[in-house]
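To start, the structure itself, in structure tokens.
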Amino acid sequence: MSPGEAPPGKAAAPGDGGTSEGVLRPDTHADLHGEVGHALTRVVGSTSEDVRETLRRLSADLGRLGVLETDREAVEVVLAECMNNVVEHAYCESPDGEFELKLCLTRESLFCRVEDRGRPMPGLAIPAGDTHDLSVELDDLPEGGFGWFLIRELTRDLNYCREEDRNSLSFNIRLGQAD
Amino acid sequence: MEFETVRQGEILRINVLAERIDAACAIQFKDRMRELCGAEPARVVLDLQQVDFLDSSGLGAVVAAMKFLGKDRRLELAGLSSKVSKVFRLTRMDSVFTIHSSADAAMTSNASAA
């Protein structure tokens, strides 16, 4: 098909020759006070270094968008745990994977969705993340298992689903709430 | 991952010169802490003043460090940022550690039993 000959009512298929230039859609548009959420998308590599770098940048980006320091602390803790879970459990520390972080910021909350193509969660369910009994002997103190507890404590509407080869974890973090 | 240590009498002060104790460096943190703490002294004060962020892997690494010091030695924490404190508070790990506002405060406080 030559350029400009897309059938009526149908856009030219992407990848056709002759497109003038790629559409660079900015993923942010600075209007925090509008009714429509402010969307941010990040593609993250499957290593803990990639997670670290993403958190650093995202925290700065959210700061520029007017998200308060205390809220950014909670967001960073939650996203760190979610993304590290993807790296460690969905991709089993294999460094050549990629996953997507989609955020939608409104005045009251930050909606987050983490999507990966790694292994499903065991039992297709979010781990419990119970509190630990800390009144135990020194040697029996837990060294892990805090991650899901922190996620559950700091989020609302936590939801997981597996669709075809994709994991999707979504939740809301309420903003402006003193803890 | 860089550390700075100061031995002052029966106290070893370990200053963590890293911004983050996270999944990317938790194993390294544990290994280095084991080297630095050696067999003595009885009190180790971990100064986290420069640490901006700690995730659950980092928290696990700090707990592991306390465990390998054993029952006769103590790991105390100092200089927690509000973000780091939040993680200790939410997981209630703040009840397990002696936490000082600053390393200087820790160095001058008596080693009272927790």
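The values are calculated or read from the model by the stated rules, or taken from the named source; none is laboratory data. Treat the numbers as computed from the prediction; the structure is a model and nothing was measured. No Cβ is skipped: glycine too gets one built from the backbone with ideal geometry, and neighbour counts run over all protein chains shown.
Quick notes on this one:
- Within region A:86-97, the residues that satisfy the criterion of being without any contact (Cβ under 8 Å) to a residue 60 or more places away in the chain and surrounded by 13 or more Cβ atoms within 10 Å (Cβ to Cβ) are A:VAL87, A:GLU88, A:HIS89, A:TYR91, A:GLY97.
- Close pairs (6 angstrom Cβ cut-off, 6 or more residues apart or separate chains): within 9 Å of chain A (Cβ to nearest Cβ) and within 23 Å of B:PRO41 (Cβ to Cβ) in region B:70-95, among the aliphatic types (A, V, I, L, M) and surrounded by fewer than 16 Cβ atoms within 10 Å (Cβ to Cβ) anywhere: B:LYS71/A:LEU138
- Residue under evaluation B:SER102, criteria (1) away from chain A (no Cβ under 12 Å); (2) in contact with a Lys or Arg (Cβ under 9 Å, 6 or more places away or on another chain), criterion not met: (2)
- Condition broken by B:ARG43, with the remaining ones in (1) among the charged types (D, E, K, R); (2) within 21 Å of A:VAL75 (Cβ to Cβ); (3) in contact (Cβ under 8 Å) with a residue 60 or more places away in the chain satisfied: (2)
- Residues in region A:115-130 that are within 14 Å of another protein chain (Cβ to nearest Cβ) and loosely packed, with under 14 Cβ neighbours inside 10 Å: A:ASP130 alone.
- Enumeration of residues in region B:6-33 that are of a type outside the set (A, V, I, L, M) and at pLDDT 95 or above: B:ARG13, B:ASN15, B:GLU19, B:ARG20, B:ASP22, B:CYS25, B:GLN28, B:PHE29, B:LYS30, B:ASP31, B:ARG32
- Extreme residue, nearest to the other protein chains (Cβ to nearest Cβ), among residues of region A:139-179 that are more than 17 Å from the chain's Cα centre (by Cα) and among the aliphatic types (A, V, I, L, M): A:LEU141
- Inclusion of B:VAL51 among residues that are within 14 Å of another protein chain (Cβ to nearest Cβ), among the aliphatic types (A, V, I, L, M) and outside any loop (DSSP other than H, G, I, E, B) is not warranted.
- Residues located in region B:12-48, provided they are among the aliphatic types (A, V, I, L, M), surrounded by fewer than 20 Cβ atoms within 10 Å (Cβ to Cβ) and not in a loop (DSSP other than H, G, I, E, B): B:ILE27, B:LEU36
- Residues in region A:98-156 that are part of a helix (DSSP H, G or I) and farther than 25 Å from B:ARG89 by Cβ: A:PRO122, A:GLY123, A:LEU124.
- Lone unmet requirement of (1) surrounded by 17 or more Cβ atoms within 10 Å (Cβ to Cβ); (2) under 20 Å from the mean Cα position of the chain (by Cα) for A:GLU108: (1)
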